[in-house]
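The next block holds one structure in the form of structure tokens; read it before the comments.
Laboratory data are not the source of any read-out in this text; all were calculated from the coordinates shown. Just so we're clear, the structure is a prediction, and the values are computed from it rather than from any experiment. In this analysis, Cβ positions are derived from the backbone assuming ideal geometry, glycine residues included, and neighbour counts consider all displayed protein chains.
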Amino acid sequence: MNAEPGEVLREQLLAILTEDAHNAKRLNERLDSLASETGVGAYAALLLILTRKSFPDDEAQLHWKLIVERQREMSEALSREVGVRVAAFDYFIHVNRQLVQPALIDIELLESSAQNATLDPLTGLASERTFRSAVSNELRRSRRYALNAAVVLFDLDDFAAVNDRLGALVADRILREASMLINNKVRDIDLVARCGSDELVLLLPETDRNGALLVAERCRAAIEGFFAAEGASRPAIHLTVSGGIAAYPSDAQTPEDLLAGAARALYQAKAAGKNLVELHQDERRRYLRFDLEPGLFEVEVLARGRADARPLLNLSQEGLLFASPEAIDVGERIELRLAGAGTDETVLRGSVVRLEVLPEHDPAASDRFDIGVVFDEQTAPSRRALLTFLECARAPR
């Protein structure tokens, strides 16, 4: 007699049954992969969940193969997909006849059990249910103590194509690796969860928009770099991730609006070409961005103990973009002095959030990088100075 399956194994099996009950091929691929990791006891645990009857490990594996064959036969005979629960019921009642009083578990109970799980069985991250509860609790805490909080929603770019090309087992392994990469880039107080098939989401307590952008950009760069190299059990692939950010209280006041705002920002990142992280922007366009005429403005960049005047490409109340002959790493703190026609000089401090290599459109050009910076919280005088710069710009986006 086998013992009751462990909680982690049970959650993994419930997830497989609820997600792939009508997809026999993928269900068996995932079950075989799980059995190779945990041993043939996975089959006994599966039948215990389905029938509430214990079987020796080897016998359970044989029964499962016959159930799968029965599922195929029934699907062909009925010209439609037959679920594994129906196939198991038919097998034990009409073929093997081991169940005198059928007690096959209802699929709704399977779904309810999976939804109540606190961990995602595939990645080991928090479940969506756990995440939504944590967001609600964190916003209550943030309101009480006047704190910031942010949500980052990630989606692996073109992951369905990766699944089709490399197969479900490799795709599952890739999703676990991506989850680990993101989990390694956050603090202990942050929460990483899986929401949907290929969406990962972060809850960042006591973090504003700019801080969330830094974290999200680190995660994006880590995933792009990791999958560009060949892995132990997969080829090198061009896998990237897009992200959307929404923050409390600047973007939303409720958990529902916060998640919806992050989803809209993610959609904007996808629409802009993928492999990007976008901040939520409401319909009022809180931070208008202005493209600047060449030579109209410049920014003096104080970084690494030296100061260089560089062309200012665009500017908003939140940040700016300038061209540079040298790379400045994402996350590096820099000081900026803005100057232009008809304006007074103003000094701002910020953090680099974007580093992009310019295309080789002009071999003679000295500037090879676009550097994006978000400002620290500005004082009243610096905000007024920024407004002066913005009023001088004439090309709103």
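Partners of Lys274 within straight-line reach, counting lysines whose Cα lies under 23 Å from its Cα and excluding those fewer than 8 residues away in the same chain: Lys185. Based on alpha carbons, the Rg and Dmax found for the range 128-279 are 15.3, 49 Å.
For Ile189 and Tyr267, the FRET efficiency from 1/(1 + (r/R0)^6), where r spans their Cβ atoms and R0 equals 41 Å, is about 0.90.
The charge dipole of the range 143-209, taken about the Cα centre with unit charges on the Cβ atoms of Lys, Arg (+1) and Asp, Glu (-1), comes to about 300 debye, rounded to the nearest 20. The simple spin-label model puts a point 7 Å past each Cα toward its Cβ; for Leu66 and Arg333 those points are separated by 7.0 nm.
Taking a straight line from the alpha carbon of Lys53, these lysines sit under 28 Å away, with near neighbours fewer than eight places off in the same chain left out: Lys25, Lys65. In percent, rounded to a whole number, the relative contact order of the range 128-279 is 30, using alpha-carbon pairs under 8 Å and six or more apart. Taking N as the residue count of the range 152-195, its C-alpha radius of gyration divided by 2.2 N^0.38 Å amounts to 1.28.
Quote to one decimal, in nm, the extra length available between Glu256 and His238 on full extension: 0.36 nm per residue of separation minus the C-alpha distance between them.
3.2 nm
So if each residue of separation counts as 0.36 nm, and I subtract the Cα-Cα distance between Ser54 and Arg306, what length gain in nm does that give?
That works out to 83.5 nm of additional length.
Go ahead and run the numbers for FRET between Ala146 and Ala229, Cβ-Cβ distance against an R0 of 51 Å, rounding to 0.05. All intermediate terms of the calculation are to be shown ahead of the outcome.
Values: r = 44 Å, r/R0 = 0.86.
The value I calculate is 0.70.
The stretch between Val95 and Thr118 holds 4.5 nm of extra length on full extension. This uses 0.36 nm per residue minus the Cα-Cα distance.
Along the charge dipole of the range 128-279, which of Ala229, Gln268, Cys219 sits closest to the positive end, that is, farthest toward it, with unit charges on the beta carbon of Lys, Arg, Asp and Glu (+1, +1, -1, -1)? Toward the positive end, the furthest listed residue is Cys219.
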